[in-house]
Amino acid sequence: MQSISTGSKEVLDLTGRKGLIVGIANEHSLAWSAAEHFSNAGAQLAITYLNDKAKPHVAPLAEQVAAPILMPCNVSVPGQLEAVFEAMREQWGRLDFLLHAVAWARKEDLHGRLTDCSTEGFAESMVVSCHSLIRMAKLAEPLMDKGGSLMTLSYYGAEKVVDHYNVMGPVKAALEASVRYLAHELGPKHIRVNAISAGAVKTRAASGIEHFDELLNETMRKAPLRRTVDACEVGRAALLLASDYTTAITGEVLYVDAGFHIEGMVFH
Ligand code: NAD
């Protein structure tokens, strides 16, 4: 695969930019790959971890990119997300970009039919995986008085039925619609809001989806590029959306999926 980074440096420059990454669980996380690209491009990062159990997996990564802010953030714990924004306000006084890479659903909802999804389970998944982006947008707005870039991660199951994606389908659909509404509302303040619809990548979140290997095989069979994607390619797209090379792009869902989403009925 063609490399577009020169050593540990990136071709795109984010020198002096400040960015927040929410959603690193370990070195396989899509958000970690993005963090590496942001950091190699010269950005300073605030990184969060879910809880004490996650901290030992995330702290060494934060150290690797010399993140000056490392804080706990479970979006369901009142005050934790607000505390992260307060720390950024105190240390930086501003924020240039953020990556929301958070998704969660109860196991029974992830593995069961949408038809059987409980009110509580549906609401919890929506609050964690979708409304948290809206909260981040609200908290970021005053820190982005010179504009900024908000990014989130979605999946093709938002748009078409994907077997075993279950409740996450409607949740990601709501997330993509929220991207468009936030982009509409924040555009006049030069704040861009975009989603990256990533192809299937083996991560911890992905391991919660049943028959995930079949999904990977189907991608390889059907995608125009005849392969799956890797976290690095998703991270690179995030770098692009954080950079000044995409200043006219907002409200967009950018597919980083080897072209999988364009195929309808295919016979190969
Ligand atoms: P991952 O498990 O590495 O990341 C998921 C993250 O969500 C974890 O860091 C976890 O701590 C965080 N999270 C869950 N509940 C949270 C909460 N209450 N508060 C704060 N954080 C919480 O897996 P990933 O695949 O890198 O997932 C990142 C994003 O990418 C998700 O939105 C996922 O839906 C999306 N995505 C993944 C794929 C894939 O195939 N891996 C494809 C398309 C989109």
Run down the aspartates and glutamates and flag those whose C-alpha is under 14 Å from the C-alpha of LYS9, throwing out any fewer than 8 positions away in its chain. GLU36
If we sort 17-28, 190-201 on the protection proxy, mean other Cβ atoms within 10 Å, highest first, what's the order? 190-201, 17-28
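Please compute the volume of the convex hull spanned by the alpha-carbon atoms of segment 207-268 and report it per residue in Å³. Could you put the intermediate results ahead of the total?
On the way: hull volume 7.5 nm³, N = 62.
Spelled out: Cα convex hull of segment 207-268, divided by residues, is 121 Å³.
Would you mind counting up the charge near MET220? Only other residues with Cβ under 10 Å from its Cβ, with Lys and Arg at +1 and Asp and Glu at -1. Intermediate values should be presented prior to the final figure.
Values: positive: ARG221, LYS222, ARG226, ARG227; negative: GLU218.
So the surrounding residues net to +3.
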Taking only protein heavy atoms and a 1.4 Å probe, what accessible area per residue, in Å², does segment 181-259 have with all protein chains in place? 49 Å²
What number, rounded to the nearest 500 deg cm²/dmol, is the helix-based mean residue ellipticity at 222 nm of the chain, given -39500 (n - 2.57) per DSSP H run of at least four residues and division by all its residues? -11000 deg cm²/dmol
Qualifying trypsin sites (Lys or Arg not before Pro) in segment 23-97, DSSP loop, other Cβ atoms within 10 Å at most 16: LYS53, ARG94
Run down the lysines and flag those whose C-alpha is under 23 Å from the C-alpha of LYS189, throwing out any fewer than 8 positions away in its chain. LYS18, LYS138, LYS146
For SER154, other-chain or 5+-apart residues with amide H closer than 5 Å (H placed, Pro excluded) are ILE196, SER197, ALA198
Return, for the Cα atoms of segment 1-151, the radius of gyration and Dmax in Å, separated by a comma. 16.4, 50
Give the peptides 30-38, 98-106 in descending order of average Cβ contacts within 10 Å, highest first. 30-38, 98-106
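Given the alpha-carbon gyration tensor of the chain, what are the semi-axes of its equivalent ellipsoid in whole angstrom, ordered largest first, with each equal to the square root of 5 times an eigenvalue? Mind dumping the intermediate values first?
Numbers: eigenvalues 150, 96, 67 Å².
Gyration-tensor ellipsoid for the chain: 27, 22, 18 Å.
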Highest to lowest packing among 248-259, 219-230, scored as the average C-beta count within 10 Å: 248-259, 219-230
Convex hull volume per residue in cubic angstrom - Cα atoms of segment 151-268: 105 Å³
Amide H contacts under 5 Å for SER149, placed H, 5+ residues apart: PHE97, LEU98, ARG192
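Could you compute the net charge surrounding SER118? Neighbours are other residues with a C-beta less than 11 Å from the C-beta of SER118; K and R count +1, D and E count -1. Please list the in-between numbers first.
Numbers: positive: ARG106; negative: GLU108, ASP109, ASP116, GLU120, GLU124.
Spelling it out: positives minus negatives among the neighbours equals -4.
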If you average the alpha carbon positions of segment 15-70 and of segment 154-201, how far apart do those two centres end up, in angstrom? 22 Å
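What percent do you get for the relative contact order of segment 2-260 when only Cα pairs under 8 Å and 6+ apart count? Show your work: numbers first, answer last.
Numbers: 494 pairs, mean separation 50.6, N = 259.
About 20 percent, as a whole number.
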Starting at 0 and stepping by 5 Å, how many percent of the alpha carbon pairs of segment 19-104 end up in each bin? 3, 16, 29, 28, 18, 6, 0
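When the convex hull of the C-alpha atoms of segment 66-169 is computed, what volume per residue in Å³ does it have?
Values: hull volume 12.6 nm³, N = 104.
In segment 66-169, the Cα hull volume divided by residue count equals 121 Å³.
The values are calculated or read from the model by the stated rules, or taken from the named source; none is laboratory data. All values derive from a computational prediction rather than experimental measurement. Note: ideal-geometry Cβ built from the backbone for every residue, glycine included; neighbour counts use all protein chains shown. Just the protein is used for accessible areas: all its heavy atoms, side chains included, with ligands, DNA and RNA removed. Shrake-Rupley method; radii C 1.70, N 1.55, O 1.52, S 1.80 Å.
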